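Notes follow the structure.
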Protein chains: 2
Amino acid sequence: MAALASLIRFSDNVRVGNMSTIWMERRLDTLEKAMPEAAGTQSVDRALMLLSLIGRHGEAGMSLAAVVAGSGLNRPTARRLLLALMRSRLVEQEPETRRYFLGEEAYVLGVLASHRFGFLDCALESLASLSRTSGDTSFASVRRGDFAVCLHREEGAFPIRTHALLPGHRHPLGVGAGAMAMLAALSDAEIEPILAANAPLLEERYAGYPPETIRADVAFARQHGFSLNPGRVLANSWAIGMAVRYPDGRIAGALSIAAIDSRMGDARQGELAGHLGREVARVEARLARRFAAPPSGAARPAGGRGRGATPRDDISMGGIGS
Amino acid sequence: MAALASLIRFSDNVRVGNMSTIWMERRLDTLEKAMPEAAGTQSVDRALMLLSLIGRHGEAGMSLAAVVAGSGLNRPTARRLLLALMRSRLVEQEPETRRYFLGEEAYVLGVLASHRFGFLDCALESLASLSRTSGDTSFASVRRGDFAVCLHREEGAFPIRTHALLPGHRHPLGVGAGAMAMLAALSDAEIEPILAANAPLLEERYAGYPPETIRADVAFARQHGFSLNPGRVLANSWAIGMAVRYPDGRIAGALSIAAIDSRMGDARQGELAGHLGREVARVEARLARRFAAPPSGAARPAGGRGRGATPRDDISMGGIGS
DNA sequence: CCCAGGCGTCCACATGATGGACTGACAGCA
DNA sequence: TGCTGTCAGTCCATCATGTGGACGCCTGGG
């Protein structure tokens, strides 16, 4: 259970009670400088950690015991916070199995947020095309703090597939082709703290990823224009990946393709990289069309606090068209 | 400000401090019976109310003053809770304008939740088809408690359009064609408490919707197979709508089409209703394909608590394919 | 039939969350 | 240029909320 507890963090950036492993405290020191200070919201932080935890176990849901184990919270506390999430419809509990799942409100918020972020919306067609033309499995992932989270997996026609990476699964940045592509897209100054923060976890659970190997993989990705996972975690499962950027240059996520090693020789790597590069360009074009201005509103008028240029806050029921 | 405060509720079901209008208290009495009891999570409930509030103001975001006005919270409290939401990346603040928006984590959770709920994913193609063939504006909405929330709006080619209903906008069930379609899909026993709960708000802000008119519109929708908004809110803006169901019969949401009154004569209503019915059937077929079992897992083995049949909680990093 | 494991609740106590008061920044106006 | 109003954001004394050890119930497996 200690190992389980060490894995779990709310959006990878929140200090939660009862978690005291060395590597975690070290990385929180690193990150707290970049995050709003936590004071007077322990309960909220805990609830949102639970939400994220449940989000990453979408398909099978989670039992209360797993939530307790994964969060490090005491059972009455976890249950009470889950009740609050259930009242908000962000989480729901299946009566028969008692397991907890993301609720419909999470979906609705995601839809409302997609007007600012829709990376996967823009990527789905490309993933379908990649898997159709290659026959292999393709993935979309996003960065969450120092980790990569798989958002979508698209099956190809080839019958031998790895089923290890599923939506919600999360790995340290650098572990896996999509995660490596996003890491390699960062500057060295950004990469070093991430490696430092993840060092304990990598040493404990990712034996194939000593830091020097990750740095070499970063160099490879920068040199070749695509990242390569030569079966570092699962010997026969190889993958290549590329980062995708918003028009303003920020990393939106990554696309990757996985196949068994016999389908990932040098020649086929190049072929798949060509397909991948074209689809990445298409996703980036769709993102550009979707956000005429970047999601952070950088195109908005600058100048001081800029309050004069902001939309009026008109919390009222507009006339209705439907 | 009192009018503003009366509008805001977290997922329409949470009692929040400082809100004491008669209609709100009355409806909470009605609803608390159906909701997990709130004890020891006031802070969490408040934070999630803010999240929902910001979610419904996606495009323009919200200032702190608007959040304070809309939530009824004191400013330091609202700010502190917003900081917690920002730490979790569910909310982000735009530095130039200081406005708050849904963050990328909301999008990621929505993507992860879409494996259980993807109504809009299944509806987008149909909305595009409806607007392409009709030339008018089409909408997808979902039920949130006693309200309907617009998730998506698809523009048609006809140049005269109402821009009143936007994603995030929320109206009482029954107000607007999509909201009416969802209301009419409920049983009378389900409808009456909703009308009772919404009565103060309807009286205050929806003069065109006395309860007997809503009941007549429900009867019309049940008789004709589609709901009709004959310009009740905006005189020249008419709309028709239909509910969409998950395979297990629960209401997934509604599709609707809006047009100016001169384009909504009886003959064209029938024509549009035909298109709408076909696309609703297509959406329902896509939902059926997507969820071989209904989202609530009703197909799972029954029998007592059914814990023996549940997936193992294996919170571990699986082997990786990407 | 018994036992272990998981789920869920209670409530005395400790801790965390609140909001009135205050400060700073900025835009608009005289 | 100076003043005023508005908004954003913070501090900390006070009090209300949140916690978790203990307990009971239910179910499945041996």
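With respect to B:ARG89, determine if the residue is open to solvent by 50 Å² or more (accessible area, probe 1.4 Å), assigned to a loop (DSSP other than H, G, I, E, B), more than 12 Å from DNA strand C (Cβ to nearest atom) and outside the structural domain of B:LEU151 (by TED's automatic domain parsing). Break it down into steps so the answer makes sense when it comes.
Numbers: open to solvent by 50 Å² or more (accessible area, probe 1.4 Å): yes; assigned to a loop (DSSP other than H, G, I, E, B): yes; more than 12 Å from DNA strand C (Cβ to nearest atom): yes; outside the structural domain of B:LEU151 (by TED's automatic domain parsing): yes.
Spelling it out, B:ARG89 is indeed open to solvent by 50 Å² or more (accessible area, probe 1.4 Å), assigned to a loop (DSSP other than H, G, I, E, B), more than 12 Å from DNA strand C (Cβ to nearest atom) and outside the structural domain of B:LEU151 (by TED's automatic domain parsing).
With the condition kept exactly as written, say whether any residue in the range B:241-248 is in a strand (DSSP E or B), surrounded by fewer than 23 Cβ atoms within 10 Å (Cβ to Cβ) and in contact with a helix residue (DSSP H, G or I) (Cβ under 7 Å, 6 or more places away or on another chain).
Going residue by residue through the range B:241-248, those that are in a strand (DSSP E or B) are B:241-245.
With surrounded by fewer than 23 Cβ atoms within 10 Å (Cβ to Cβ) added as a condition, the list becomes B:245.
Remaining after also requiring in contact with a helix residue (DSSP H, G or I) (Cβ under 7 Å, 6 or more places away or on another chain): B:245.
Yes.
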Which residues, counting only those in the range B:67-86, are facing chain A (nearest Cβ under 7 Å) and surrounded by 23 or more Cβ atoms within 10 Å (Cβ to Cβ)?
B:GLY70, B:LEU81, B:ALA84
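Does B:ARG89 count as within 28 Å of B:SER43 (Cα to Cα), within 7 Å of another protein chain (Cβ to nearest Cβ) and within 12 Å of DNA strand D (Cβ to nearest atom)?
Working: within 28 Å of B:SER43 (Cα to Cα): yes; within 7 Å of another protein chain (Cβ to nearest Cβ): yes; within 12 Å of DNA strand D (Cβ to nearest atom): no.
For B:ARG89, the condition - within 28 Å of B:SER43 (Cα to Cα), within 7 Å of another protein chain (Cβ to nearest Cβ) and within 12 Å of DNA strand D (Cβ to nearest atom) - is not met.
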In the set B:ALA47, B:ALA60, the lone residue that is open to solvent by less than 40 Å² (accessible area, probe 1.4 Å), out of contact with any Cys (no Cβ under 7 Å at 6 or more places or on another chain), more than 16 Å from DNA strand C (Cβ to nearest atom) and small (Gly, Ala, Ser) is B:ALA60
Regarding B:SER71, is this residue small (Gly, Ala, Ser), over 14 Å from A:ALA113 (Cα atoms) and within 8 Å of DNA strand D (Cβ to nearest atom)?
no
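For the range A:16-44, how many residues are modelled with pLDDT under 85 and open to solvent by less than 10 Å² (accessible area, probe 1.4 Å)? Explain how you work it out, then say what you get.
Of all residues in the range A:16-44, those modelled with pLDDT under 85 come to A:16-42.
Then keep just the ones that are open to solvent by less than 10 Å² (accessible area, probe 1.4 Å); that gives A:16, A:24, A:27-28, A:41.
Of the residues in that region, 5 qualify.
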Conditions: (1) closer than 29 Å to B:ASP146 by Cα; (2) more than 21 Å from the chain's Cα centre (by Cα); (3) more than 7 Å from chain B (Cβ to nearest Cβ). A:GLU94 meets all but one. Number of the miss?
(3)
Can you list residue pairs whose Cβ atoms sit under 6 Å apart, with the first residue in the range A:119-134 being not assigned by TED's automatic domain parsing to the domain that holds A:ARG286 and the second being in a helix (DSSP H, G or I) and modelled with pLDDT of 95 or more? Count only pairs 6 or more apart in sequence or on different chains.
none
In the range A:162-206, residues that are small (Gly, Ala, Ser), more than 23 Å from A:ASP136 (Cα to Cα) and in contact (Cβ under 8 Å) with a residue 12 or more places away in the chain total 5
For B:ALA235, state whether it is out of contact with any Phe, Trp or Tyr (no Cβ under 7 Å at 6 or more places or on another chain) and surrounded by fewer than 17 Cβ atoms within 10 Å (Cβ to Cβ).
yes
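Go over the candidates A:ALA106, A:ALA128 one by one and state the one that is in a helix (DSSP H, G or I), more than 9 Å from chain B (Cβ to nearest Cβ) and either open to solvent by less than 10 Å² (accessible area, probe 1.4 Å) or more than 13 Å from DNA strand C (Cβ to nearest atom) (or both).
Only one candidate qualifies: A:ALA128.
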Exactly one condition in (1) open to solvent by less than 10 Å² (accessible area, probe 1.4 Å); (2) in contact with a helix residue (DSSP H, G or I) (Cβ under 8 Å, 6 or more places away or on another chain); (3) at negative phi is false for A:ARG99; which is it?
(2)
May I ask you to verify whether B:LEU228 is open to solvent by less than 60 Å² (accessible area, probe 1.4 Å) and not in a helix (DSSP H, G or I)?
yes
Given the conditions (1) at the interface with another protein chain (Cβ under 8 Å from one of its Cβ atoms); (2) away from DNA strand D (no atom under 11 Å from the Cβ); (3) open to solvent by 10 Å² or more (accessible area, probe 1.4 Å), report the number of the one that B:ASP121 does not fulfil.
(1)
Just name the residue that is farthest from the chain's Cα centre (by Cα) out of those in the range A:131-163 that are at the interface with another protein chain (Cβ under 9 Å from one of its Cβ atoms) and not in a strand (DSSP E or B).
A:ARG161
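Restricting to the range B:227-246, name every residue that is under 19 Å from the mean Cα position of the chain (by Cα) and not hydroxyl-bearing (Ser, Thr, Tyr). Spell out how you get there, then give the answer.
Here is the first cut: in the range B:227-246, the ones under 19 Å from the mean Cα position of the chain (by Cα) are B:227-229, B:233, B:239-246.
Correct list: B:LEU228, B:ASN229, B:VAL233, B:ALA239, B:ILE240, B:GLY241, B:MET242, B:ALA243, B:VAL244, B:ARG245.
Out of curiosity, is B:LEU186 more than 10 Å from every other protein chain (Cβ to nearest Cβ), touching a Gly at 6+ places or on another chain (Cβ under 9 Å) and more than 25 Å from B:LEU53 (Cα to Cα)?
Details: more than 10 Å from every other protein chain (Cβ to nearest Cβ): yes; touching a Gly at 6+ places or on another chain (Cβ under 9 Å): no; more than 25 Å from B:LEU53 (Cα to Cα): yes.
No, not satisfied.
Considering the range B:54-66 alone, what residues qualify as being within 9 Å of DNA strand D (Cβ to nearest atom) and at the interface with chain A (Cβ under 8 Å from one of its Cβ atoms)?
Quick first cut of the range B:54-66, residues within 9 Å of DNA strand D (Cβ to nearest atom) only: B:62-66.
Hits for the range B:54-66 are B:MET62, B:SER63, B:ALA65, B:ALA66.
Would the range B:200-212 turn up any residue that is part of a loop (DSSP other than H, G, I, E, B), of a type outside the set (Val, Ile, Thr) and crowded, with 17+ Cβ neighbours inside 10 Å? Outline the logic, then answer.
Restricting attention to the range B:200-212, the residues satisfying the condition of being part of a loop (DSSP other than H, G, I, E, B) are B:206-210.
Keeping just the survivors that are of a type outside the set (Val, Ile, Thr) gives B:206-210.
With crowded, with 17+ Cβ neighbours inside 10 Å added as a condition, the list becomes B:206, B:209.
Checked the range B:200-212: at least one residue is part of a loop (DSSP other than H, G, I, E, B), of a type outside the set (Val, Ile, Thr) and crowded, with 17+ Cβ neighbours inside 10 Å.
The values are calculated or read from the model by the stated rules, or taken from the named source; none is laboratory data. Note that the coordinates shown come from a computational prediction; the quantities given were computed from them, not determined experimentally. Counting neighbours? That spans all protein chains shown, and the Cβs are built from the backbone with ideal geometry, glycine included. The area values use the complete protein model at the heavy-atom level, side chains included, leaving out ligands, DNA and RNA. Shrake-Rupley method; radii C 1.70, N 1.55, O 1.52, S 1.80 Å.
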